[in-house]
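Enquirer: Take this structure first; my questions come after.
Values in this text are rule-based calculations from the coordinates and carry no lab data. From a predicted model like this one, the values you see are computed outputs, not experimental measurements. Cβ placement follows ideal geometry from the backbone for every residue including glycine, while neighbour counts extend to all protein chains displayed.
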Amino acid sequence: MKITIDGHTIEVEPGTTILQAARMIGGASVPPTMCYYSKLKDCGGKCRCCLVEVTKGSERDPRPMPKLQPSCVTGAQDGMEVLSGNSQRVLDARKAVTEFLLINHPLDCPVCDQAGECNLQDLAMTNKDFKSRFKEQKVTTPSEDIGPYISLNKNRCILCYRCVKLAEQLTPNRVHGVLYRGDHAEISAYIHNAIDSDFSGNMIDVCPVGALTDRTFRFQSRVWFTKKFNAHRDCPHCSGKVVLWTFGNDVLRVTARKDEFSEVEEFICNECRFDHKKKEDWVVEGPHKFGKNSVLNINNNALAAPKEVEIQTEKLTLEGRDVDRKKISMKDVPMAHLEEKK
Amino acid sequence: MGKKILTEKINIPGIREYDVYRQNGGYKSVEKALKEMTPEQLVESVKASGLRGRGGAGFPVGMKWSFIDKKSGKPRHLLVNADESEPGTFKDRYLMEFIPHLLIEGAIVSSFALEANLSYIYIRGEYMFVFKILEKAIKEAYANGWLGKNILGTGYNLDLYVHCGAGAYICGEETAQIESLEGKRGNPRIKPPFPAVSGLWNEPTVVNNVESIASIPWITLNGGEEYAKIGIGRSTGTKLISASGHIKNPGVYEIEMGMTVDEFMNSDEYLGGMIDDRPLKALIPGGSSVQILPPQYIFKTANGDDRLMSYESWSDGGPVTGSSLGSGGFIVYNDTACIVRNTWNLSRFYHHESCGQCSPCREGTGWMEKILYRIEHGQGTEEDVDLLWDIQANIEGNTICPLGDAAAWPVAAAIRHFREEFEYHIRFPEKIKNRNHFREEPMEKVRQLLVK
């Protein structure tokens, strides 16, 4: 089967989705994904970030599809022609989705542990040429305690359903899901149940934003200050292949290894993740490399020379003081009026 | 007097009871279908009738039936969609409340045509009293041998259940309804696969509206060709219209397709004209999801033809100057109505009912509602109207299910046809602060203020 994406033709197996084909091609035609996760079944189609334009349905039925299609759940057809990065319509739709995802997001990146490795941050960086038009009050939800290892911040959640699918497919009993509807929908554990199963920690890794973060790493360091090493250990439960996030000799955090699409390569167990925070426990293989688009890497790529910032503060402050003295602050001081009259 | 198919016998006293219904020719179509016809013949006759789905989209029922996957050998199901939650639509309730056996009769014939042995009626939770009426009617049908094992000695088995939803608009969408019936959260599924291939419990399922199913007995008895003779063009048969708003005679009417809108609105037999003879300001022809129309496009299309009560005629002109017959929820507004307030109200509904699965609809509906609330309460700005337009354009077509489109269209049409009202709200917050602005001063009187 042949599929053409942005002019690149590729041979794929039947049953491949457009997104998978685009990932095989790579480059600018790979659509961003917020909810699709190749390691989880039935995961995708929800965030609408990966919309593509199908300009030719297939060899048999060459009509174009009128609507933009979510590439993660649309199967490739023989002779299909798709526009991903080359279509302005697609780029506009993705920008719109970015805006939608951000309007109720708290934008608290400065205090969010996910900052630097956040898919939403990456998505916002690729669509950064718009100003916020949202003047309304954001929807907020109180946070919830779901156990000693994982911290859940519902305000940051973008309802990708990845953690729900992970709990369904990886852990024996699912104790959390989605409550309520619309923009009030929230991820929640069933009547304040703690989430504890041997693989629950993977929820942190699959979460594209900072809604689910590692509680043992909370506020310890910004991720870009840490050194990352690939390491492994003999684990009876999982593959034991991890990334150590270290500062000096301290292991601050352990996560699974992620590929260039920030998807976990192999899920790891909670024991590896939370209980082995010493360098002696691990066999270090070497430094861990990041994807090109990661915010963590943004300083390593060539950047335009920073703009010269003109500092006008002092002058403005002084002007302000002058105005204040005349109009507001000195109004009730009788001496000020006298001085002015002189 | 137009031809009546669904509501012909609805005024017979006691028709809700089995005995009266049977004496008046009830369940004859089941006898005919099971004894004299094959499922294929039934599907053919429905195809020949040209009956289009009455739930809103107007997809031909016969075509939908012929798509059902019979090759896989999996059990098949009929799911009757009685989750009628569209604001302005209340036709199914009327049918189920007063003549419940008609629906059950239609469901038996349709299930036989689809060779389904297990069928469901999914009714919305707010219709609890109708649920009880249907339960009683099904019990009577079981007692008289119309349901259960070996119906009429033909060897055909059918179990029919009524399932009560918990009150969610989204469960009227067919795949969300299937999810809900399976006991899950009512989130629409991603299509394909379509329900005709993989629906309820991954088995082939056909989801049809109550009104479509209730038309099946007549088609079976009189033949699809007879049904196709009623109506106009590809809009065959009769349609129930539930009319509400500023009209003299609100209620449910059965009309033949192809009647002019003028006749339907102004003749005494039907709506009887506007209440207090105030001027008509706007009309929503097919339930809240379709485009609202200003007076110049209601009785005439943009080409100057008469607007008829049919699927084609209402959608003539596309979204710009046309609308859609939808589910037949006629909402009529006179000059005292405020379109901004109405749009805000509809938007609030879609915000409340969005399932929260895909981001454009989840975030966009809430955003639109908040902006419309601000405009309605005098805190809008000039950019808000363009922003609303942008948001609706970004939602439309980019969502999993049609709820996103349904939330976007009313806002788009309101801005397209009644932009001056939005501007009036934004520029003169003093005039609208008491919420009785158009009762005191209709738009005609204040329009000159906007020109300056």
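Enquirer: Where Rh denotes the Kirkwood radius from the mean inverse Cα pair distance, what is Rg over Rh for the stretch B:1-151? All intermediate terms of the calculation are to be shown ahead of the outcome.
Expert: On the way: Rg = 15.5 Å, Rh = 16.4 Å.
Rounded to two decimals, Rg over Rh is 0.94.
Enquirer: Given a Förster distance of 25 Å, report the FRET efficiency between B:Lys32 and B:Arg234 from their Cβ-Cβ distance, rounded to the nearest 0.05. Please list the in-between numbers first.
Expert: Numbers: r = 27 Å, r/R0 = 1.06.
So, using R0 = 25 Å, E works out to roughly 0.40.
Enquirer: Counting other beta carbons within 10 Å of each Cβ, put B:Tyr161, B:Tyr297 in order, fewest first. Walk me through the numbers before you get to the answer.
Expert: Working: B:Tyr161 14, B:Tyr297 20.
Placing the least packed residue first, the sequence is B:Tyr161, B:Tyr297.
Enquirer: Over 26 Å, how big is the tail of the calculated P(r) for the stretch A:10-167, in percent of all Cα pairs? Spell out each step's value before the answer.
Expert: Working: 4189 of 12403 pairs.
It works out to 34 percent of all Cα pairs.
Enquirer: Here's something else I'd like to know. Under the 0.36 nm per residue contour assumption, what length would be gained going from the current alpha-carbon distance of B:Ala143 and B:Leu221 to full extension? Working shown, then result.
Expert: Working: separation 78, 0.36 × 78 = 28.08 nm, distance 2.36 nm.
Extra length available between B:Ala143 and B:Leu221 comes to 25.7 nm.
Enquirer: Here is a further query. Share of antiparallel DSSP beta bridges in the stretch B:119-274, in percent to the nearest 5? Walk me through the numbers on the way to the answer.
Expert: Values: 11 of 16 bridges.
About 70 percent, rounded to the nearest 5.
Enquirer: Taking a virtual spin label 7 Å from the Cα of A:Lys135 along the C-beta vector, which residues in the stretch B:412-452 bring their backbone nitrogen under 19 Å of it?
Expert: Answer for this model: B:415, B:419-433.
Enquirer: With n ≥ 4 as the cut-off for DSSP H runs, can you work out [θ] at 222 nm for chain A, using -39500 (n - 2.57) per run divided by the number of residues, rounded to the nearest 500?
Expert: Working: 7 runs with 69 residues, N = 342.
For chain A, the value works out to -6000 deg cm²/dmol.
Enquirer: Once you have the Cα-Cα distance between B:Lys3 and B:Met128, take 0.36 nm times their residue separation minus that, and quote the gain in nm to one decimal. Before the final figure, lay out the partial values.
Expert: On the way: separation 125, 0.36 × 125 = 45.00 nm, distance 3.12 nm.
Extra length available between B:Lys3 and B:Met128 comes to 41.9 nm.
Enquirer: Pull up the cross-link candidates among the aspartates and glutamates for B:Lys3, meaning alpha carbon to alpha carbon under 20 Å and not fewer than 8 places away within one chain.
Expert: The qualifying aspartates and glutamates are B:Asp92, B:Glu211, B:Glu225, B:Glu226, B:Glu254, B:Glu256, B:Asp262, B:Glu263, B:Asp268, B:Glu269.
Enquirer: A follow-up question, please. Just for the Cα atoms in the stretch A:143-251, what are the lengths along the principal axes, largest first, rounded to whole Å?
Expert: 45, 31, 21
Enquirer: What's the percent breakdown of Cα-Cα distances in the stretch B:339-451 across 10 Å bins, shortest bin first?
Expert: 15, 47, 27, 10, 1
Enquirer: May I ask you to sort B:Leu450, B:Leu308 by Cβ crowding, counting other Cβ atoms within 10 Å and putting the fewest first?
Expert: Numbers: B:Leu450 14, B:Leu308 24.
So the ranking, lowest neighbour count to highest, is B:Leu450, B:Leu308.
Enquirer: Full-extension gain between B:Met63 and B:Ala166, please, as 0.36 nm times their residue separation minus the C-alpha to C-alpha distance.
Expert: Details: separation 103, 0.36 × 103 = 37.08 nm, distance 3.06 nm.
Stretched fully, the B:Met63-B:Ala166 segment lengthens by 34.0 nm.
Enquirer: Please compute the Kirkwood hydrodynamic radius over the stretch B:234-334, one decimal place, Å, based on all pairs of different Cα atoms.
Expert: The Cα-based Kirkwood calculation yields 13.1 Å.
Enquirer: Further question on the same structure: Please report, in debye to the nearest 20, how large the charge dipole of the protein assembly as shown is about its Cα centre when each Lys and Arg carries +1 at its beta carbon and each Asp and Glu carries -1 there.
Expert: 900 debye
Enquirer: With no solvent and one point on each alpha carbon, what is the Debye value of log10 I(q)/I(0) for the stretch A:199-280 at q = 0.16, 0.22, 0.24 Å⁻¹?
Expert: -0.55, -1.11, -1.34
Enquirer: Something else: Any idea what angle helix B:128-143 forms with the longest principal axis of chain B, computed on alpha-carbon atoms, 0 to 90 degrees, nearest 10?
Expert: The two axes meet at around 10 degrees.
Enquirer: Give the total of Lys-Lys pairs in the stretch A:19-174 with Cα-Cα distances below 13 Å; include a pair only if its members are 8 or more places apart or on different chains. Kindly include the intermediate steps, with their values, before the conclusion.
Expert: On the way: A:Lys39/A:Lys165; A:Lys41/A:Lys165; A:Lys46/A:Lys165; A:Lys56/A:Lys67; A:Lys95/A:Lys128; A:Lys95/A:Lys131; A:Lys138/A:Lys154.
So the count of such lysine pairs works out to 7.
Enquirer: While we're looking at this one, here's another question. For the stretch B:368-452, which chymotrypsin sites (Phe, Trp or Tyr not before Pro) are in a loop by DSSP, counting at most 13 other Cβ atoms within 10 Å? Walk me through the numbers on the way to the answer.
Expert: Values: sites: B:Tyr373, B:Trp389, B:Phe418, B:Phe422, B:Tyr424, B:Phe438; in loops: none.
Loop-located and lightly packed - none at all.
Enquirer: Turning to a different aspect of this structure: Over 18 Å between Cα atoms, which of A:Lys241/A:Lys277; B:Lys281/B:Lys370; A:Lys2/B:Lys191 qualify? Could you put the intermediate results ahead of the total?
Expert: Working: A:Lys241/A:Lys277 14 Å; B:Lys281/B:Lys370 25 Å; A:Lys2/B:Lys191 23 Å.
Listed pairs above 18 Å: B:Lys281/B:Lys370; A:Lys2/B:Lys191.
Enquirer: Right, something else. For chain A, what are the DSSP H helices with axial Cα length of 18 Å or more and mean Kyte-Doolittle hydropathy of at least -1.0? Please report the intermediate quantities before stating the final value.
Expert: Working: long enough: A:88-103 (22 Å, 0.41); A:313-327 (21 Å, -1.65).
Helices meeting the span and hydropathy rule in chain A are A:88-103.
Enquirer: Bin width 5 Å, alpha-carbon pairs only: give the P(r) of the stretch A:2-100 as whole percents, running from 0 to the bin holding the largest distance.
Expert: 3, 15, 27, 27, 18, 8, 2, 0
Enquirer: Points 7 angstrom from Cα along the Cβ direction at A:Phe225 and A:Glu285: gap in nanometres?
Expert: Simple spin-label model gives 2.9 nm for this pair.
Enquirer: Which value, to two decimals, describes the C-alpha radius of gyration of the protein assembly as shown once divided by 2.2 N^0.38 Å? List each step's numbers first, then the result.
Expert: On the way: Rg = 30.8 Å, N = 794, 2.2 N^0.38 = 27.8 Å.
For the protein assembly as shown, the normalised Cα radius of gyration is 1.11.
Enquirer: Report, to the nearest 10°, how far helix B:210-222 tilts away from the longest principal axis of the Cα atoms in chain B, using its own Cα long axis and a range of 0 to 90°.
Expert: With both axes taken from Cα atoms, the answer is about 50 degrees.
Enquirer: Taking neighbour Cβ counts within 10 Å as the exposure measure, how do B:Ser359, A:Ser84 sort from fewest upward?
Expert: Numbers: B:Ser359 29, A:Ser84 26.
Ranked by crowding around the Cβ, least crowded first: A:Ser84, B:Ser359.
Enquirer: I've got another one for you. Whole-Hz Karplus ³J(HN,Hα) for the stretch B:200-209, in order, using 6.51 cos²θ - 1.76 cosθ + 1.60 and θ = phi - 60°, x for Gly and Pro?
Expert: Karplus values, whole Hz, x for Gly and Pro: 4, 6, 6, 10, x, 9, 10, 10, 10, 6.
Enquirer: Still on this structure, please answer the following. Nearest 5 is fine: what % of DSSP beta bridges in the protein assembly as shown come out antiparallel, could you say? Could you put the intermediate results ahead of the total?
Expert: On the way: 55 of 79 bridges.
Of all bridge pairs located within the protein assembly as shown, approximately 70 percent are antiparallel.
Enquirer: What relative contact order, as a whole-number percentage, does chain B give when Cα pairs under 8 Å and 6 or more residues apart are counted? Working shown, then result.
Expert: Working: 900 pairs, mean separation 69.2, N = 452.
Taking the mean separation of contacting Cα pairs over the length of chain B, I get 15 percent.
Enquirer: Helix B:339-353 versus the longest principal axis of chain B: what is the Cα-based angle in degrees, 0 to 90, to the nearest 10?
Expert: It works out to around 50 degrees.
Enquirer: Same structure, new question: Take A:Asp61 and A:Glu308, extend 7 Å from each Cα along the Cα→Cβ direction, and tell me the distance between the two endpoints in nm.
Expert: Calculated label separation equals 6.2 nm.
Enquirer: For a quick check, take a GNM of chain A with Cα springs below 10 Å and name the residue from A:Lys241, A:Lys128, A:Lys46 with the largest mean-square fluctuation.
Expert: The residue that fluctuates most here is A:Lys128.
Enquirer: Only Cα pairs under 8 Å and at least 6 apart count here; give the relative contact order of the stretch A:104-296 as a rounded whole percent. Before the final figure, lay out the partial values.
Expert: Values: 338 pairs, mean separation 42.1, N = 193.
Taking the mean separation of contacting Cα pairs over the length of the stretch A:104-296, I get 22 percent.
Enquirer: Could you tell me which residue out of A:Ala189, B:Pro319, B:Val109 lies farthest along the dipole of the protein assembly as shown toward its positive end? Charges go on the beta carbon: Lys and Arg +1, Asp and Glu -1, centred on the Cα centre.
Expert: Of A:Ala189, B:Pro319, B:Val109, it is A:Ala189.
Enquirer: If you don't mind, there's one more thing I want to ask. Once phi is turned into θ = phi - 60°, what whole-Hz ³J(HN,Hα) does the Karplus curve with 6.51, -1.76 and 1.60 give for every residue of the stretch A:232-238, x standing for Gly and Pro?
Expert: Karplus-based 3J(HN,Hα) across the stretch A:232-238 equals 8, 8, 7, 10, x, 9, 9 Hz.
Enquirer: Which whole-percent values make up P(r) of chain B when all C-alpha to C-alpha distances are grouped in 10 Å steps starting at zero?
Expert: Result returned by the calculation: 4, 21, 30, 25, 14, 6, 1, 0.
Enquirer: What is the calculated FRET efficiency for B:Ala393 to B:Lys71, with r their C-beta to C-beta distance and R₀ = 45 Å, to the nearest 0.05? Present the calculation step by step, with values, prior to reporting the outcome.
Expert: On the way: r = 42 Å, r/R0 = 0.93.
Approximately 0.60, to the nearest 0.05.
Enquirer: Regarding chain A, what whole-number volume in Å³ per residue does the convex hull of its Cα atoms give?
Expert: Values: hull volume 74.9 nm³, N = 342.
Normalising the Cα hull of chain A by residue number yields 219 Å³.
Enquirer: Can you compute the FRET efficiency between B:Asn11 and A:Gln88 using 1/(1 + (r/R0)^6), with r the Cβ-Cβ distance and R0 = 60 Å? Round to the nearest 0.05.
Expert: On the way: r = 59 Å, r/R0 = 0.98.
Efficiency, from the Cβ-Cβ distance: 0.50.
Enquirer: For the stretch A:104-296, would you read off the P(r) tail past 28 Å as a percentage of all alpha carbon pairs?
Expert: Numbers: 4689 of 18528 pairs.
Here the tail beyond 28 Å accounts for 25 percent of pairs.
Enquirer: What is the spin-label model distance, in nm, from B:Glu440 to A:Glu266 if the labels are put 7 Å beyond Cα along the C-beta direction?
Expert: Rounded to a tenth, the inter-label distance reads 7.5 nm.
Enquirer: Among A:227-235, B:164-172, how do they line up by average Cβ neighbours within 10 Å per residue, starting with the highest?
Expert: Per-residue Cβ counts within 10 Å, averaged per peptide and sorted highest first, yield B:164-172, A:227-235.
Enquirer: Using alpha-carbon positions, what is the distance between the centroids of the stretch A:3-64 and the stretch B:1-78, in Å?
Expert: 42 Å
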